[in-house]
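As structure tokens, the structure follows; a few thoughts come after it.
Rule-based calculations on the coordinates, nothing more; no lab input. Bear in mind that the values here come from a model prediction, so they are computed numbers and not experimental data. Every residue, glycine among them, receives a Cβ derived from its backbone with ideal geometry; neighbour counts consider all protein chains shown.
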Amino acid sequence: MEIFTLLETLEDLLERSRTMPFSTKAIVDKEEILDIIKEIRLKLPDELKQAKWVKEERQRILVEAQKEADEIVKEAENRIIAMIDEHEITRKAYEQKAEIIETANEMSREISKGTKDYADSILQNLENSLVSALEIIQNNRKELK
């Protein structure tokens, strides 16, 4: 990720800077620091777009999983209608219907949960990265002031 590279460059610049006597204050090239911060700002929207894409992809997967579950349920209902003619077949059909619906619902829940967990994990990692980057920038700004 380019933002982390820029942050490392900023950190290296601060670590290499000369310190003022009897102080932890550092003498840095203001223009160089500002240029790096501007580059970081330019790169941030890409990270935010990526987070938006992850959110949209999560929603798309959930919709797709629901459609698949609906298709499985509809297929089960069609099978039951086709088997209604004979008593034994009808009884078995009702049993299969229940199993298929339960399986479809379970698959739907699992797919939905897995998708949510995956999207949440990606968003959590992104949030942690952004929070970390923001903290570094805030600390660096405090030191600059």
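Remarks
- Bridgeable aspartates and glutamates around Lys67 (alpha carbons under 16 Å apart, same-chain partners fewer than 8 residues away excluded): Glu57, Glu75, Glu77, Glu102, Glu106, Glu110.
- Relative contact order of segment 60-145, defined on C-alpha pairs under 8 angstrom at six or more residues apart (%): 33
- Axial C-alpha extent at least 30 Å, average Kyte-Doolittle at least -1.0 - helices from the chain (DSSP): 30-82, 87-144
- Order of Val63, Val54 - criterion: other Cβ atoms within 10 Å of each residue's Cβ, fewest first: Val63, Val54
- Cleavage-rule hits (trypsin sites (Lys or Arg not before Pro)) in segment 87-137: DSSP loop, at most 12 neighbouring Cβ within 10 angstrom: none
- Among Met20, Met107, a tally of other beta-carbon atoms within 10 Å of each Cβ gives an order, fewest to most, of Met20, Met107.
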